[in-house]
1. Does any residue of the range 134-150 turn out to be over 15 Å from the mean Cα position of the chain (by Cα) and not hydroxyl-bearing (S, T, Y)?
2. I'd like to know if the range 166-175 contains one or more residues that are at pLDDT below 95, more than 18 Å from G252 (Cα to Cα) and in a loop (DSSP other than H, G, I, E, B).
3. Could you go through the range 85-97 and let me know if any residue there is out of contact with any Ser or Thr (no Cβ under 6 Å at 6 or more places or on another chain), of a type outside the set (A, V, I, L, M, F, W, C), outside any loop (DSSP other than H, G, I, E, B) and surrounded by 24 or more Cβ atoms within 10 Å (Cβ to Cβ).
4. Please indicate, with yes or no, whether at least one residue in the range 133-148 is out of contact with any Asp or Glu (no Cβ under 8 Å at 6 or more places or on another chain), in a helix (DSSP H, G or I) and more than 24 Å from W283 (Cβ to Cβ).
5. Mind listing just one residue for me: the one in the range 35-59 that is touching a helix residue (DSSP H, G or I) at 6+ places or on another chain (Cβ under 9 Å) and of a type in the set (A, V, I, L, M, F, W, C) and, of those, surrounded by the most Cβ atoms within 10 Å (Cβ to Cβ)?
6. Out of everything in the range 149-160 that is touching a residue at least 40 places away in the same chain (Cβ under 8 Å) and assigned to a loop (DSSP other than H, G, I, E, B), what residue ends up being nearest to V9 (Cα to Cα)?
7. What tally of residues in the range 207-231 results from selecting those that are of a type in the set (A, V, I, L, M, F, W, C) and surrounded by fewer than 17 Cβ atoms within 10 Å (Cβ to Cβ)?
8. Sort out for me the strands (runs of 3 or more DSSP E) sitting completely within the range 243-352 that have 3 or more residues that are on the phi < 0 side of the Ramachandran plot.
Amino acid sequence: MSGNEPIKVIQWATGTVGIHAVPGIVAHPDLELVGLWVHSDAKAGQDAGTLCGIEPTGVIATQDVDALLALDADAICYTASSDIRPDAVVDDLCRMLAGGKNVVGTSFVPLLYPAAAGDGVLDRLEAACQEGGSSFYNSGIDPGFGNAGLAIHLAALCKEVDTIRMMEIVNYATWDNPFTMFEIMGFGKPDPSHSLLLSPGSTSLGWGAVIELVAAGIGLALDEITERNEVIYAPTDIEIASGTVAEGTISGMRFEIIGVAGGEERIVVEHVTRLRDEDAPEWPQGAGYRILIGGEPNLKAELELSSDHGDHNHAGCLATAMHVLNAIPNVVAADPGVKTILNLPTYSAKAT
């Protein structure tokens, strides 16, 4: 590939993030869409543009994995679901990387910092990269730029860093994803024991990588990662994009993942998730991402997302896709191996 040729990209899935990735690839001056994998039979055989709300692209969606991996492509953007198949995600990625395809992704969120993604995961990914001469990078908005990325870059302003708190405060009422909302997060369930997300260890699995990545970035040795959570219940039926949250069932949640060092809470990820802005007024208020660094100097940063084509949830899914798509030129150019924000050169969007 010469410097003047576009980077050929395969998009893997068209779910809540992938549906934004296809238009993102098509619009990017350095990228070219050459393939699309889809999960459902109904999507197979359709044009990628038609599936994702833009003009036809000439790229036809397929479920033929072998055919896609045989394409002359430089990179894959992997956004397939990982909620109940994390091991399969790692298997997919290793096959792609070992076959010579660079991969950026947003699936299985612990891969933000693969060293924290479970025993052997980093070693497997690194071995696949070396076998295929490829690189791997996983990120998004949260986990990703909205917490670890902002915190690490902001900490560069400090002489001393005592504590870091990374917050997401978001209304999820307009997020149209019933499986994630009801079955994974547990909205509409009678109590937290019915929530996969709030089951012991789940939030640490999802966001522990953020804690460990930030700790690595500031050189802090952690003793342990703990978690806590609380919920509120709907005082009446609440209609949201994903369906009905019945009276008396979970309608909001607040959880924290805590990195402890020397017996003190040093690095914290906090999520405040409502379906109505007026609920749980005693919880932190806001709309987006907030970074609080206690040190010298003390720092506070706010990041709010909006869009001319949708609401804040639309903007967040688009930002998740673009954060990895904009990384593709650097990932392709990098030496083979697993990358994080700590060892990938700074990147940004391209002006159009």
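1. No, the conditions are met nowhere in the range 134-150.
2. no
3. Here is the first cut: in the range 85-97, the residues out of contact with any Ser or Thr (no Cβ under 6 Å at 6 or more places or on another chain) are 85-88, 90-96.
Cutting the leftovers down to of a type outside the set (A, V, I, L, M, F, W, C) gives us 85-87, 91-92, 95.
Narrowing the set further to residues that are outside any loop (DSSP other than H, G, I, E, B) leaves 86-87, 91-92, 95.
From what's left, surrounded by 24 or more Cβ atoms within 10 Å (Cβ to Cβ): none.
Within the range 85-97, none of the residues are out of contact with any Ser or Thr (no Cβ under 6 Å at 6 or more places or on another chain), of a type outside the set (A, V, I, L, M, F, W, C), outside any loop (DSSP other than H, G, I, E, B) and surrounded by 24 or more Cβ atoms within 10 Å (Cβ to Cβ).
4. We begin by selecting, within the range 133-148, every residue out of contact with any Asp or Glu (no Cβ under 8 Å at 6 or more places or on another chain); these are 133-134, 136-141, 143-145, 148.
From what is left, the residues that are in a helix (DSSP H, G or I) are 145, 148.
From what is left, the residues that are more than 24 Å from W283 (Cβ to Cβ) are none.
Within the range 133-148, none of the residues are out of contact with any Asp or Glu (no Cβ under 8 Å at 6 or more places or on another chain), in a helix (DSSP H, G or I) and more than 24 Å from W283 (Cβ to Cβ).
5. Going through the range 35-59, the residues touching a helix residue (DSSP H, G or I) at 6+ places or on another chain (Cβ under 9 Å) turn out to be 35-38, 43, 48-49, 51-59.
Narrowing the set further to residues that are of a type in the set (A, V, I, L, M, F, W, C) leaves 36-38, 48, 51-52, 54, 59.
Working: L36: 29, W37: 24, V38: 23, A48: 24, L51: 21, C52: 23, I54: 14, V59: 20.
Within the range 35-59, the match that is surrounded by the most Cβ atoms within 10 Å (Cβ to Cβ) is L36.
6. Going through the range 149-160, the residues touching a residue at least 40 places away in the same chain (Cβ under 8 Å) turn out to be 149-152, 154-155, 157-160.
When the remaining residues are screened for being assigned to a loop (DSSP other than H, G, I, E, B), the result is 157-159.
Values: L157: 36, C158: 39, K159: 42 Å.
Checked the range 149-160; the qualifying residue nearest to V9 (Cα to Cα) is L157.
7. Restricting attention to the range 207-231, the residues satisfying the condition of being of a type in the set (A, V, I, L, M, F, W, C) are 207, 209-211, 213-216, 218, 220-222, 225, 231.
Checking the rest, the ones that are also surrounded by fewer than 17 Cβ atoms within 10 Å (Cβ to Cβ) come to 221.
Within the range 207-231, residues that are of a type in the set (A, V, I, L, M, F, W, C) and surrounded by fewer than 17 Cβ atoms within 10 Å (Cβ to Cβ) number 1.
8. Values: elements: 243-245, 250-261, 264-274, 288-296, 299-303, 337-339.
In the range 243-352, the matching strands (runs of 3 or more DSSP E) lie at 250-261, 264-274, 288-296, 299-303.
The values are calculated or read from the model by the stated rules, or taken from the named source; none is laboratory data. Fair warning: this is a prediction, and the values are worked out from it, not measured in the lab. Note: ideal-geometry Cβ built from the backbone for every residue, glycine included; neighbour counts use all protein chains shown.
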